[in-house]
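Colleague: Input: one structure, supplied below.
The values are calculated or read from the model by the stated rules, or taken from the named source; none is laboratory data. Just so you know, these numbers come straight off a predicted model, no measurement behind them. Using ideal geometry, Cβ is built from the backbone for each residue, glycine included, and neighbour counts are taken over all protein chains shown. Remember, those area values only see protein heavy atoms, side chains included, never the ligands or the DNA or RNA. Shrake-Rupley method; radii C 1.70, N 1.55, O 1.52, S 1.80 Å.
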Amino acid sequence: MLLAIDTSTGTSVAVVDRAGTRAERTSADTRGHAELIGGFISEVLAEAGVAPDGLEGVAVGMGPGPFTGLRVGIAAARAFALGIGRPVLPVVSHDAVAYGRSEAVLVVTDARRRELAWSRYAAPGADGLPVRLEGPSLVPVADLDVVTSVAGYVRVDAATIDAGLLGLLALARLDAGAQPGPSEPVYLRAPDVTLSTPKKVTP
Amino acid sequence: MIRLRAATPDDLDAIDALEQVTFPSDAWSREMLAAEIVGAHGYYLVAVDADAVVGYAGLLAPRGSGQADVQTIAVAEASRRGGIGAALLDALLAEARARAAEEVFLEVRADNPGAEALYASRGFERIAIRPAYYQPDGVDAVVMRTRNLQRALVLGIETSCDETGIGIVRGTELLANVIASSMDEHARYGGVVPEIAARAHLEALTPTIEEALRVAGVRLADLDAVAVTSGPGLAGALMVGVGAAKALAVATGKPFYAVNHLVGHVGADLLNHEPLVGEGELELPTIALLVSGGHTSLLLVRDLVSDVELLGETIDDAAGEAFDKVARLLGLPYPGGPEIDRAAAAGDPTAIRFPRGLTAPKDLERHRYDFSFSGLKTAVARHVEAAVAAGEPVPVADVAASFREAVVDVLLTKALAACRDLGVPRLLLGGGVVANRRLREAAVERCADAGVALRIPPLSLCTDNGAMIASLAAQLIAAGHPPSSLGVGADSTLPVTEIQA
């Protein structure tokens, strides 16, 4: 059984086991991650009737997504995992959208600043696990047709990432002995800093 | 009018009668009660209404044992629901604290959820069930315990700026103060870049928590609470700490305390340490001057956990920020404080009379205790530009010394004015700018002249750190403040009056 957290878009928290999603809370609000995360974790544990030390680990969406919210979920997942002495199971958030689709898909999420984040997936193999071919990458909204013009992929625009699916994917990967996702956040952008030159103040 | 007083042998009849009525199936004998009332290790109280005993309660707490037991609490049927039981319990717990009990135990009948709820509200937790303990009824006993939270073991998380600080304290005892700083990553930008700081917090957070636990020699399971800075500070940076602290609290089943960063700076001074300046313990009320790269605030602290007032703060740049910006103007690296200090060593602090912000009579009317450093920074820029325009070398040493003197002068003038105006002859300095030697020296001199007792905690507790957050939370817990809601967020402008979010 896993706790699953994704804050790459809104805030989504779930408890999953091998039979499915036991409890889930999701808010599509693209702000308020820090406010919601604690109550959501506490509520899904209570609803699933599981104590923290009954969990095998903590699955977490590593992005891509707007940084400030994304970090809240990753920080919470790492701290929770530390608190129960179990591993963090990182997942590229787009993988959770592709998981469970039987066809080849193009996953698209908002990356703000007139850009979109996208990943391309082949149809899953016998194990049902998503096979990411390209991405996650950024593309300006105006240039999206460069990405969508590749034939054979069903476009899936995800407004929120479902922590239940993300957790089920992490569990399936764990059971299949598959590689874990990236251990660091998928920011896709360097910090936005410009070195300003001091302005003249003499009139 | 109900009042509580110590029980005496003269109360035995009344207590015995109440015992028989309240616990019909398993009352203590009159002899046992008589022995309990006068027992050396006991503490028995009666609640009296006019002259009638309407309730009694007893504690067993041998001094030096570190433990106490709530033996009994009984209130007459007609006097229930008036808070007498709670008042008796609180009085017993106060006595247990006075006898230095680390843990207080009690047993309650499993068929008395009202009593159990009262105990839970005072921090008692179920630790065991004794099956069929109450005979002849065959009712289970719920064994409960509360720890003496006068010395709560708290882990504090601080991520309001560029230091990931994790501290662990037991009451006022400092057990660990571990800091991971992203300062070097900001150096090339001449100031803290919020996104870089937030990324660094996320990277450093769990390793720093683990290091702090190792240094303190405690396990997460030992903690009494998890505390975090909820503001003021950089929003994106604060959110990393808040998200982590909530998750850690839920994962470990510990209470969550979200506290104010600025009040935390004052809380740092309660930790056992040799202050850099001052002696003995922090005395209240005190004026506190907190000066860092993000804050310049003057506080009146009457009570750390309940009464902190903001007297004034900067209306533009923080003092530390002014040091960084002036350092850039002078071609010196970041962080500016130590660089300006070094450059100023060879300079004349009286060479240039730079302006003291918000000290003109008309400004003092509205901004008596507020600060402004942006005009000072502009004056320095003009001075530098004038030298360059005239083809002269910039007198870096004199500019640095004169600038620093202007900052130090205005900080101390306003802080000491507050001490004088409010009749509070005590000043506490905190914040990273306290690392500035000239500020400390001038503070020592001018406080001595003004008859003000100055305190400066060690620098490791002046700069942003998690121990100060843990210390403030430990004080809140000792004062009986309930935990924060899990719904509180990061508040980049949290006012100092909100000591706990």
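Colleague: Looking at the square roots a ≥ b ≥ c of the eigenvalues of the Cα gyration tensor of chain B, which shape do they give, rounded for a/c under 1.5, prolate if a/b is larger than b/c, or oblate?
Modeller: Values: a/c = 3.33, a/b = 2.34, b/c = 1.43.
Prolate is the answer for chain B, as a/c is 1.5 or above and a/b outweighs b/c.
Colleague: So how tilted is helix B:12-22 from the main axis of chain B? Cα-based, degrees 0 to 90, rounded to 10.
Modeller: Long axis of B:12-22 versus the principal axis of chain B: about 90 degrees.
Colleague: Another question about this same structure. Ordering A:MET1, B:MET468 by how much accessible area each has at a 1.4 Å probe, largest first, what is the list?
Modeller: Descending accessible area places them as A:MET1, B:MET468.
Colleague: Can you give the extra length, in nm with one decimal, that the chain gains between B:ASP26 and B:ASP421 once fully stretched, where that is 0.36 nm per residue apart less the Cα-Cα distance?
Modeller: Details: separation 395, 0.36 × 395 = 142.20 nm, distance 6.43 nm.
Extra length from B:ASP26 to B:ASP421 when fully extended: 135.8 nm.
Colleague: At a Förster distance of 60 Å, what's the computed FRET efficiency of B:ARG437 paired with B:ARG5, Cβ-Cβ distance as r, to 0.05?
Modeller: Between B:ARG437 and B:ARG5 the formula returns 0.55.
Colleague: Give me the extension gain from B:HIS481 to B:ALA40: residue separation times 0.36 nm, minus the current Cα-Cα distance, reported in nm with one decimal.
Modeller: Difference between extended and current length: 155.5 nm.
Colleague: Dipole magnitude of the stretch B:192-327 about its Cα centre, charges +1 at Lys/Arg Cβ and -1 at Asp/Glu Cβ only, in debye to the nearest 20?
Modeller: Computed about the Cα centre, the dipole is about 620 debye.
Colleague: Quick check: the angle from helix B:319-329's long axis to the longest principal axis of chain B, C-alpha only, nearest 10 degrees?
Modeller: Roughly 30 degrees between the two axes.
Colleague: I'd like the per residue volume of the convex hull spanned by the Cα atoms of the stretch B:217-261, given in cubic angstrom. Intermediate results must be reported in sequence, preceding the final value.
Modeller: On the way: hull volume 3.2 nm³, N = 45.
That works out to 71 Å³ per residue.
Colleague: Still on this model: With unit charges on the beta carbons (Lys and Arg positive, Asp and Glu negative) and the dipole taken about the Cα centre of the stretch B:2-147, which residue among B:GLY66, B:MET32, B:ALA76 sits farthest to the positive side?
Modeller: Comparing the listed Cα positions along the dipole, B:GLY66 ranks first.
Colleague: Against the longest alpha carbon principal axis of chain B, how many degrees, from 0 to 90 and to the nearest 10, is the axis of helix B:194-216 turned?
Modeller: 50
Colleague: Which FRET efficiency, nearest 0.05, do A:ALA51 and A:LEU188 yield, Cβ-Cβ r, R0 41 Å? Intermediate values should be presented prior to the final figure.
Modeller: On the way: r = 37 Å, r/R0 = 0.90.
For A:ALA51 and A:LEU188, the calculated efficiency is 0.65.
Colleague: What are the trypsin sites (Lys or Arg not before Pro) within the stretch A:80-187 that DSSP puts in a loop, where the Cβ has at most 12 other Cβ atoms within 10 Å?
Modeller: Details: sites: A:ARG101, A:ARG112, A:ARG113, A:ARG114, A:ARG120, A:ARG132, A:ARG155, A:ARG173; in loops: A:ARG101, A:ARG112, A:ARG113, A:ARG114.
Filter output for the stretch A:80-187: A:ARG112, A:ARG113, A:ARG114.
Colleague: Can I ask one more? Using R₀ = 30 Å, calculate the FRET efficiency as 1/(1 + (r/R₀)^6) where r is the Cβ-Cβ separation of A:SER102 and A:SER137; round to 0.05.
Modeller: Taking R0 as 30 Å, the efficiency between A:SER102 and A:SER137 is 0.80.
Colleague: Using 0.36 nm times the number of residues separating B:ARG80 and B:SER306, minus their current alpha carbon distance, what extension gain do you get?
Modeller: Values: separation 226, 0.36 × 226 = 81.36 nm, distance 3.13 nm.
Stretched out fully, the B:ARG80 to B:SER306 stretch lengthens by 78.2 nm.
Colleague: In nm, to one decimal, how far is the A:ARG112 label point from the B:ALA117 one, both placed 7 Å along Cα→Cβ?
Modeller: Taking the simple label geometry, A:ARG112 and B:ALA117 are separated by 4.4 nm.
Colleague: Testing the spin-label approximation: label points 7 Å from Cα along Cα→Cβ at B:ALA448 and B:ARG147. State their distance in nm.
Modeller: Calculated label separation equals 4.4 nm.
Colleague: Right, something else. Give the separation of the Cα centroids, the stretch A:119-148 to the stretch B:428-498, in Å.
Modeller: Rounded to whole Å, the Cα centres lie 50 Å apart.
Colleague: Please label the shape of the stretch B:2-147 as rounded, prolate or oblate, based on the square roots a ≥ b ≥ c of the eigenvalues of the alpha-carbon gyration tensor (a/c under 1.5 means rounded; beyond that, a/b larger than b/c means prolate, else oblate).
Modeller: Values: a/c = 1.37, a/b = 1.12, b/c = 1.23.
Note, shape of the stretch B:2-147 comes out rounded.
Colleague: Could you check the spin-label model distance between B:ARG342 and B:THR497? Points 7 Å from the Cα along Cα→Cβ, value in nm.
Modeller: Roughly 4.5 nm, to one decimal.
Colleague: Using a 1.4 Å probe on the protein heavy atoms only, what accessible surface does B:LEU175 show? Give it in Å² to the nearest 10.
Modeller: Using a 1.4 Å probe on the heavy atoms, I get roughly 40 Å².
Colleague: Within chain A, which DSSP H helices have Cα atoms that stretch 20 Å or more along the helix axis and a mean Kyte-Doolittle hydropathy of at least -0.5? The partial results should precede the final answer.
Modeller: Values: long enough: A:33-48 (22 Å, 0.86); A:67-84 (26 Å, 1.36).
Those that pass (Cα extent of 20 Å or more, hydropathy at least -0.5) are A:33-48, A:67-84.
Colleague: To the nearest 20 debye, what charge dipole does the stretch A:132-203 have about its Cα centre, counting +1 at the Cβ of each Lys and Arg and -1 at the Cβ of each Asp and Glu? Don't jump to the answer; show the numbers that get you there.
Modeller: Details: 6 positive and 8 negative charges, 77 e Å.
With Lys and Arg at +1 and Asp and Glu at -1, about 380 debye.
Colleague: Just check the protein assembly as shown against the gyration tensor rule for me: Cα atoms, a ≥ b ≥ c as the square roots of the eigenvalues, rounded for a/c under 1.5, and otherwise prolate or oblate depending on whether a/b exceeds b/c.
Modeller: Values: a/c = 2.90, a/b = 1.19, b/c = 2.44.
It is oblate, given that a/c is not under 1.5 and a/b is not larger than b/c.
Colleague: Find which of B:CYS161, B:ALA176, B:ALA101 sits farthest along the positive direction of the dipole of the stretch B:81-176, computed with +1 on the beta-carbon of Lys and Arg, -1 on that of Asp and Glu, about the Cα centre.
Modeller: Selected residue: B:ALA101.
Colleague: While we're looking at this one, here's another question. Based on DSSP loop calls and a cut-off of at most 12 other Cβ atoms within 10 Å, the longest stretch of chain B free of exposed trypsin sites (Lys or Arg not before Pro) is what? Don't skip to the end; give the middle numbers.
Modeller: Details: sites that count: B:ARG63, B:ARG81, B:ARG219, B:ARG353.
Result, exposed sites excluded: B:354-501.
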